[in-house]
Amino acid sequence: MIKNLTLMFVIMVITSGCGFSIHTRKTVLPRGEEIVLKRFYVKSYVVGTKTIAYIGQPMAWWQPAKLSETQVYSLVIEKDFKLSGTYKLNSNFAEDIYIAGFKGDICKLEGETVINGIKYFVITIKENEKYGLLIDSNGMLNKFIITDHDFDRGYAAIESIEPILSPPDALFVVKKKVEENPYGIKRELIFGGVNNVSINVTYREYTPDEMARQAFYQNIIYQTSAELIRFQDIKIKVHEVTSEKIIYTVLEDGLGMPKP
């Protein structure tokens, strides 16, 4: 809608001598940017819990993972608000703008921009997707500046001298999302059945994309009468085993979290 508005605004600011600097950039809100907090394992079992597996099913699988926190997951409107004012679209044209938001609504994150050294999240609300609102890291709305709708080309600032925000402390709650992201080698123990002599278990490894690694198959045999079976650091109590199933409890797995 507004071509070259950013350049026009910067020229206007420089000539006016007000010292207000604007830096815009096209940036999708961080999707792959993560903060690794600690290393742990994703598992198919809970230590100390009785479980059942049938022939061909894994008795247990485990895979290293990392706990990550996305920088921003969503912005939620804390309470109803109204924003109105005359905003200068360019040097020759201004428009009366009215935007209302409602408590509990989740805002659409369009990107981010930096204005006067402060980083803002650019959001739109479903009642008005024509203009972007600027929300700082504390969830506060900048009522003096909004952006145009051309989010793919950057964020052109549109300013107002005397906007009205009601209530004046309209707040957006920044919510973050914690994710489990498996990575590394996945390992599993598969129940292979039982006969008069032995309990058969297969150990198998997978690459991170879950392609089976042929060189890492291993057939393990335990006595049918065994009440405890162990593989590496995993200790399993056998409650019952038949020709089609095994009932067991993983007592230990040695997968404690390392010290940070």
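The values are calculated or read from the model by the stated rules, or taken from the named source; none is laboratory data. What you see is a predicted model; the values in this text were computed from it and never measured. With ideal geometry, Cβ positions are generated from the backbone for all residues, glycine too; neighbour counts draw on all protein chains shown.
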TODO: Name every residue in region 92-116 that is surrounded by 12 or more Cβ atoms within 10 Å (Cβ to Cβ), small (Gly, Ala, Ser) and in contact (Cβ under 8 Å) with a residue 12 or more places away in the chain, in order of residue number.
DONE: Ala100, Gly101, Gly111
TODO: Give region 60-75 a look and list any residue that's within 10 Å of the chain's Cα centre (by Cα) and at pLDDT 65 or above, or say none.
DONE: Ser74
